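Everything on this sheet refers to the single structure shown next.
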Amino acid sequence: MENSHNVSHNLVSVHNLSFYHGQRKIFDNISMNFERGKITAIMGPSGTGKTTLLKLIGGQLVPSNGKVIVDGQNVQQLTRTQLYELRKKMGMLFQSGALLTDLNVYDNVAFPLREHTHLPESMIRTLVLMKLQAIGLRGARNLMPNELSGGMARRVALARAIALDPLMIMYDEPFTGQDPISLGVLLHLIKALNTTLGLTSIIVSHDVHETSAIADYIYVISDGKVVDQGTPQDIKHSDSDWVQQFMNGDADGPVHFHYPAPDYVDDLLSYSTH
Amino acid sequence: MLQLFQHLGHQTLSSFRKLGRGSYFLVNTLRGFPNILIRPRLLVNQMYSVGVLSFLIITISGLFVGMVLSLQGYYTLSDFGAEASLGVMVATALVRELGPVVTALLFAGRAGSALTAEVGLMKATEQLSGMEMMAVDPIQRIIAPRYLAGIISMPILAILFSSIGVLGGHLVGVGMLNVDDGAYWAQMQSKLDFRDDIINGMIKSLVFGCVVTWIALFEGYDAIPTSEGVSRATTRTVVNSAFAILGLDFILTAMMFGD
Ligand SMILES: Nc1ncnc2c1ncn2[C@@H]1O[C@H](COP(=O)(O)OP(=O)(O)OP(=O)(O)O)[C@@H](O)[C@H]1O
Ligand SMILES: [Mg+2]
């Protein structure tokens with residue numbers, strides 16, 4: 001499905017991309033566009049390749065076919081140096097947080113600043129404390145990553161991802177493990193980053209309602225294909241049964257909750273015969 | 001039968017592939033060395049955890065190896081009335097062989113396994129990927145300083161091992177077995193050759209340092225990013241390092257001392 005967005009409006013676009021993990025096809029000729037200054041969400045069942053897609057956009061994985069364009073540059077054709085230059089403009093929030101375990105919260109957030117800028121320590125301190133304040137963990141600056149809860153770690157990772165004030169940010173499941181209050185703050189923060197700084201955001205999430213509330217555009221992917229796309233309203237009123245089931249979380253419908261398996265009763269009774 | 005060949009072929013291919021990846025990894029690591037000059041702190045920190053933390057095990061082992069050498073040497077030498085040569089015997093054995101080899105084996109177990117586990121876990125917890133996405137090259141930032149630290153530490157640890165070993169030998173030989181103190185040192189001084197013995201021993205441990213640290217870091221970097229993968233990689237580091245050390249020791253000895 002090609003869509004009609006003007007190309008120059010897109011910070012990131014994915015053209016006819018196919019990707020395999022070993023023999024397994026993860027993406028089958030998929031095309032997507034991510035508009036500048038907008039929040040675009042990617043939704044889909046667990047294991048469809050959402051994280052893989054973010055890694056393809058970040059140039060950590062190489063597609064078997066097709067291309068990824070970020071800010072006018074073809075990610076796969078860049079030299080190493082150019083790719084690293086480009087990545088300074090991309091923030092990525094990993095699903096696991098991926099904090100450096102030998103540094104405390106403060107130093108983790110300061111890490112990209114120290115690596116890429118020559119700012120004096122006083123300035124770094126100000127920037128770090130500002131980012132930590134935004135995620136509500138200024139008081140936790142001296143904790144080590146192993147002393148943080150999963151949700152806290154992900155918020156610190158968010159502070160680190162925005163430390164360099166990137167052009168765009170990719171959030172991999174930012175809402176998992178957040179209590180309702182942090183969730184609200186986080187939603188607000190993502191929206192605020194987007195509106196005040198004009199940050200282009202890509203959110204990967206299962207949290208249908210939260211994501212719909214802030215996204216400008218949504219892609220629903222499954223089995224390596226885009227099954228539906230549009231504004232949250234469009235998706236909500238999608239006429240695809242599949243999308244309806246996914247958005248409403250019904251156990252019954254075209255999507256099977258179970259991995260393909262032999263008949264359940266047969267399976268239970270088949271022990272004696274092996 | 002056919003299956004056996006198939007299996008062998010497969011194994012050979014994957015070994016070569018791994019060697020290829022390892023070499024590429026090594027080249028990239030070496031390219032990261034100039035960067036360390038800008039950030040000497042990274043090296044200092046690694047020198048501490050790779051080198052300094054190995055001091056204790058090296059010191060204690062060196063002491064006991066020297067003591068045993070002295071004891072065994074004394075029994076043999078005294079049959080020929082050559083106890084006076086005890087010092088030179090202990091020192092030669094330590095400086096030429098036992099110092100570099102035993103230090104390298106201990107280093108692989110102490111520091112090598114720790115490096116593999118550390119790097120492997122960093123990979124498993126996506127810290128390396130995370131760095132890449134922050135436009136920081138993990139090979140330059142994480143691997144290169146550890147590699148250099150390993151290369152520098154090994155010869156220093158080997159010298160420490162041999163020196164403590166000579167003292168241990170003295171403790172047993174002169175202290176317990178009444179070998180003449182003057183003879184212990186004098187023969188050592190006159191017979192031990194600086195270039196032939198000491199320099200060659202240092203070259204050995206430098207080579208071991210390069211190889212063992214390379215194996216350890218690469219196994220960690222190449223590990224399957226799960227707890228089981230990291231645990232296997234750690235085992236492989238110790239086993240492969242031991243083979244590499246003993247094999248290389250034979251080759252180096254033949255080249256150095258076999259005129
Ligand atoms: N290194 C790998 N080797 C082989 N297969 C992989 C590898 N990494 C991921 N996969 C497979 O690729 C598929 C997509 O993985 P991915 O992590 O992108 O899923 P996801 O959509 O992010 O899922 P989740 O929502 O659970 O995070 C999965 O089915 C997984 O089995
Ligand atoms: Mg994922």
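The values are calculated or read from the model by the stated rules, or taken from the named source; none is laboratory data. If you're wondering where the values come from, they're calculated on a predicted model, not measured in any experiment. FYI the Cβ positions are ideal-geometry reconstructions off the backbone, even for glycines, and counts take in every protein chain you see. The accessibility values were calculated without ligands, DNA or RNA, using every heavy atom of the protein model including side chains. Shrake-Rupley method; radii C 1.70, N 1.55, O 1.52, S 1.80 Å.
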*Return only the number of the condition from (1) more than 16 Å from ligand 1 (Cβ to nearest atom); (2) open to solvent by less than 10 Å² (accessible area, probe 1.4 Å); (3) within 14 Å of chain B (Cβ to nearest Cβ) that A:Asp172 does not satisfy.*
(1)
*Hey, B:Gly175 open to solvent by less than 40 Å² (accessible area, probe 1.4 Å), closer than 14 Å to B:Gly66 by Cβ and of a type in the set (Gly, Ala, Ser) or not*: no
_Which numbered condition A:Gln82 fails, given (1) within 16 Å of ligand 1 (Cβ to nearest atom); (2) open to solvent by 70 Å² or more (accessible area, probe 1.4 Å); (3) within 18 Å of B:Asp137 (Cα to Cα); (4) free of Cβ contacts under 8 Å to residues at least 12 places away in the same chain_ = (1)
*Which members of region A:111-129 meet the condition of being aliphatic (A, V, I, L, M) and either open to solvent by 50 Å² or more (accessible area, probe 1.4 Å) or within 14 Å of chain B (Cβ to nearest Cβ) (or both)?*
A:Leu113, A:Leu119, A:Met123
*Please state which of the following conditions A:Ser182 fails to meet, knowing it meets all the rest: (1) among the hydroxyl-bearing types (Ser, Thr, Tyr); (2) open to solvent by less than 30 Å² (accessible area, probe 1.4 Å); (3) within 13 Å of chain B (Cβ to nearest Cβ).*
(3)
*asked:* Pull out all pairs, ordered by first then second residue, where Cβ-Cβ is under 6 Å, the residues are six or more apart or on different chains, the first lies in region B:110-127 and is within 12 Å of another protein chain (Cβ to nearest Cβ), and the second is in a helix (DSSP H, G or I) and modelled with pLDDT under 95.
replied: B:Met122/B:Leu128
*Test result for B:Val211, assigned to a helix (DSSP H, G or I) and more than 18 Å from B:Gly62 (Cβ to Cβ)*: yes
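Condition check ((1) of a type in the set (Val, Ile, Thr); (2) more than 21 Å from A:Tyr171 (Cα to Cα); (3) within 16 Å of ligand 1 (Cβ to nearest atom)) across all residues:
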{"position": "A:Leu197", "(1), (2), (3)": "no, no, no"}
{"position": "A:Ile203", "(1), (2), (3)": "yes, no, yes"}
{"position": "A:His206", "(1), (2), (3)": "no, no, yes"}
{"position": "A:Ile214", "(1), (2), (3)": "yes, no, no"}
{"position": "A:Thr231", "(1), (2), (3)": "yes, no, no"}
{"position": "A:His237", "(1), (2), (3)": "no, yes, no"}
{"position": "A:Gln245", "(1), (2), (3)": "no, yes, no"}
{"position": "A:Gly249", "(1), (2), (3)": "no, yes, yes"}
_Against the definition (crowded, with 21+ Cβ neighbours inside 10 Å, touching a residue at least 40 places away in the same chain (Cβ under 8 Å), within 16 Å of ligand 2 (Cβ to nearest atom) and over 17 Å from A:Asp223 (Cα atoms)), how does A:Gly97 come out, yes or no?_
yes
*So which residues in region A:39-73 are away from ligand 2 (no atom under 12 Å from the Cβ) and in contact with a Phe, Trp or Tyr (Cβ under 6 Å, 6 or more places away or on another chain), if there are any at all?*
A:Thr40, A:Pro63, A:Ser64
